[in-house]
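Written out below as structure tokens is the structure these notes cover.
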Amino acid sequence: MTRIELTVNGEKRSDEVEPRLLLVHYLREVCGLRAANVGCDTTSCGACTVLLDGRSVKSCTVLAVQAAGHDVLTAEGLSAGGELHPVQAAFRQSHGLQCGFCTPGMVMATVGLLAENPHPTEEEVRAGLEGNLCRCTGYHNIVQAVLAAAEANTEVSA
Amino acid sequence: MIPAAFEYIPAESSAHALDLLAEHGDDAKLLAGGHSLLPMMKLRLAMPEVLIDIGSLEELAGVRADDTDLVIGATTRHADLAASELVRAEAPLLAYAAAQVGDPQIRHRGTIGGSLSHADPAADLPMALVALGGSVEIEGPGGSRLVAADDFFQGFFETALGPDELLTAVRVPRRPGVPWGYQKFVRRSNDWAIVGVAAVDGRIALANMGPTPLRAIAAEQALAQGASPAAAAEHAADGTSPGEDMHADREYRKHLARVLTRRALDHETG
């Protein structure tokens with residue numbers, strides 16, 4: 001077992017983990033945070049996307065020990081004081097989901113994308129989310145939600 | 001899927017990593033971004049007993065330039081390589097290639113040293129390094145050595161890197177303003193190339209046309225003798241014997257190599 005100290009959704013944690021424990025399993029089973037889903041388990045679908053030091057990563061392909069000393073953000077950590085994060089609000093408003101399984105990953109990938117590129121074109125949104133699959137094929141509204149969230153960004157910063 | 005159990009040791013420096021490699025030998029694997037190694041470990045295609053984590057070593061990350069070359073630390077992540085102003089100015093083909101790897105999440109984790117050491121013949125960065133005439137710096141118990149890209153890739157997922165050695169940096173000649181082209185033929189957006197071609201300044205490299213990234217020597221020679229890009233590209237598959245899979249048979253891969261080489265020599269990207 002290896003002791004890891006890290007920050008998850010703003011909270012400092014210290015846990016004993018097996019080195020082979022994947023970050024997604026650490027978040028779901030040790031921290032009790034079930035937003036990040038295990039979809040394909042092969043770094044393809046993006047359902048397990050979380051932010052690691054502000055950058056989107058697939059937590060099925062990161063060891064929990066690799067996150068030691070770093071800052072992890074999951075969808076549970078987005079909303080503050082009961083208010084939806086602007087990206088979550090945009091996904092709800094634009095109905096950027098069908099079954100919802102890919103949604104936490106889509107939302108986290110979007111938060112990461114907008115941090116790097118606050119005002120993406122539609123083409124940049126589609127390229128920026130190429131690591132996230134929606135098996136309902138609900139991409140149209142997802143892309144609309146991301147563009148709406150970027151628009152909301154503009155209004156806030158204007 | 002859960003990897004087999006292993007001992008995890010974070011290296012404190014590259015010298016420490018070398019000591020650990022010397023101690024554990026074949027039982028150990030280096031871990032940086034883990035985006036080639038961890039998927040293999042989850043499938044139990046790799047079952048190292050010891051993982052030596054070099055992913056947090058500052059000394060191995062980052063891009064700098066000397067008089068002739070860009071020097072890129074082994075643990076520089078694809079996203080940082082793609083975004084580096086220095087790389088975009090001095091070796092734009094490499095920045096472009098880094099932006100073609102996988103998807104954004106993968107590029108946030110994967111490292112250039114990891115991708116080159118993994119040596120997937122269908123991957124972007126090995127082909128780019130061969131096209132650019134780059135080299136890798138390797139440190140081992142006997143000191144350091146520099147290995148040219150053409151000599152580094154030795155077989156299917158096989159390199160010149162010894163089990164007790166560490167790839168520390170990648171060197172690429174600085175050539176601002178030199179025209180280049182890059183072609184990657186895929187069926188899905190984040191796949192490996194069915195065939196890839198990178199061309200810069202008379203050098204042409206092919207991905208997935210053999211067990212290693214290959215130089216299209218016959219096409220290069222035709223160019224050097226004054227052939228047009230279109231005529232030279234007809235020789236792109238000469239001497240190759242690419243594998244066959246559900247995506248493409250041998251003849252189709254050869255056809256792709258010729259078409260994509262013509263596009264790359266016309267400085268197209270795609």
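Just so you know, all these numbers are worked out from the coordinates, no wet-lab data involved. The model shown is predicted, which means the values in this text are computed figures rather than measured ones. Here the Cβ is made from the backbone with ideal geometry for all residues, glycine too, and neighbour counts use every protein chain on show.
Run the dipole for region B:7-53 about the Cα centre, Lys and Arg Cβ at +1, Asp and Glu Cβ at -1, nothing else charged, and hand back the magnitude in debye, nearest 20.
The dipole of region B:7-53 has a size of about 360 debye.
A:Lys12: which lysines have alpha carbons under 22 Å from its alpha carbon, excluding same-chain residues fewer than 8 sequence positions away?
Result set, ordered by chain and number: A:Lys58.
When the distances between all Cα atoms of region B:7-53 are binned every 5 Å from zero, what whole-number percent does each bin get?
The calculated distribution, bin by bin, is 5, 24, 32, 24, 11, 4, 0.
Can you put A:Ser79, B:Ser135 in order, fewest other beta carbons within 10 Å first?
A:Ser79, B:Ser135
With labels modelled as points extended 7 Å from the Cα through the Cβ direction, what inter-label distance (nm, one decimal) is found for B:Ser56 paired with B:Arg88?
It works out to 3.1 nm between the two label points.
Excluding residues on the same chain fewer than 8 positions from B:Lys254, give the lysines whose Cα lies under 18 Å from its Cα.
Those lysines meeting the cut-off are B:Lys184.
Give, rounded to the nearest 20 debye, the magnitude of the charge dipole that the protein assembly as shown has about its Cα centre when Lys and Arg contribute +1 at Cβ and Asp and Glu contribute -1 at Cβ.
1200
Using the beta-carbon distance between B:Arg187 and B:Glu7 and R0 = 45 Å, what value does 1/(1 + (r/R0)^6) give for FRET efficiency, to the nearest 0.05?
Efficiency, from the Cβ-Cβ distance: 0.70.
Could you state the number of Å between the C-alpha centres of region A:85-108 and region B:178-243?
Answer, in whole Å: 42.
Take the alpha carbon atoms of region B:64-127, find their center, do the same for region A:27-44, and report the distance between the two centers in whole angstrom.
28
In what sequence do A:Met108, B:Met246, A:Met1 fall when counting other Cβ within 10 Å, fewest first?
B:Met246, A:Met1, A:Met108
Under a point-charge model restricted to the Cβ atoms of Lys and Arg (+1) and Asp and Glu (-1), what is the dipole moment magnitude of chain B relative to its Cα centre, in debye to the nearest 20?
Computed about the Cα centre, the dipole is about 1160 debye.
Using the Kirkwood radius over Cα pairs, work out the Stokes-Einstein diffusion coefficient for region B:25-148 at 25 °C and 0.890 mPa s, in µm²/s as a whole number.
Using the Kirkwood radius from Cα pairs, D works out to 163 µm²/s.
Among A:His140, B:His247, B:His235, which comes first, second and so on when ranked by fewest other beta-carbon atoms within 10 Å?
Ordered from fewest to most neighbouring Cβ atoms within 10 Å, A:His140, B:His247, B:His235 come out as A:His140, B:His247, B:His235.
Using the Cα centre of region B:1-153 as origin and beta-carbon charges of +1 (Lys, Arg) and -1 (Asp, Glu), tell me which of B:His108, B:Ala15, B:Ala74 is placed farthest towards the positive end of the dipole.
It is B:His108.
Just going by the charge dipole of chain A, with Lys and Arg at +1 and Asp and Glu at -1 on Cβ, which of A:Leu78, A:Ala35, A:Gly54 is farthest out on the positive end?
About the Cα centre, the residue reaching furthest to the positive side is A:Ala35.
Can you compute 3J(HN,Hα) from phi for each residue in region B:38-51, using the Karplus curve 6.51 cos²θ - 1.76 cosθ + 1.60 with θ = phi - 60°, rounded to whole Hz and x for Gly and Pro?
After applying 6.51 cos²θ - 1.76 cosθ + 1.60, I find 5, x, 5, 5, 5, 7, 6, 6, 10, 9, x, 7, 9, 10 Hz.
To test your reading of the geometry: what angle, between 0 and 90 degrees and rounded to tens, separates the Cα axis of helix B:14-24 from the longest principal axis of chain B?
Helix B:14-24 and the main axis of chain B meet at about 80 degrees.
Based on the Cβ-Cβ distance of A:Asn117 and B:Ala160, what FRET efficiency does E = 1/(1 + (r/R0)^6) give at R0 = 25 Å, to the nearest 0.05?
0.05
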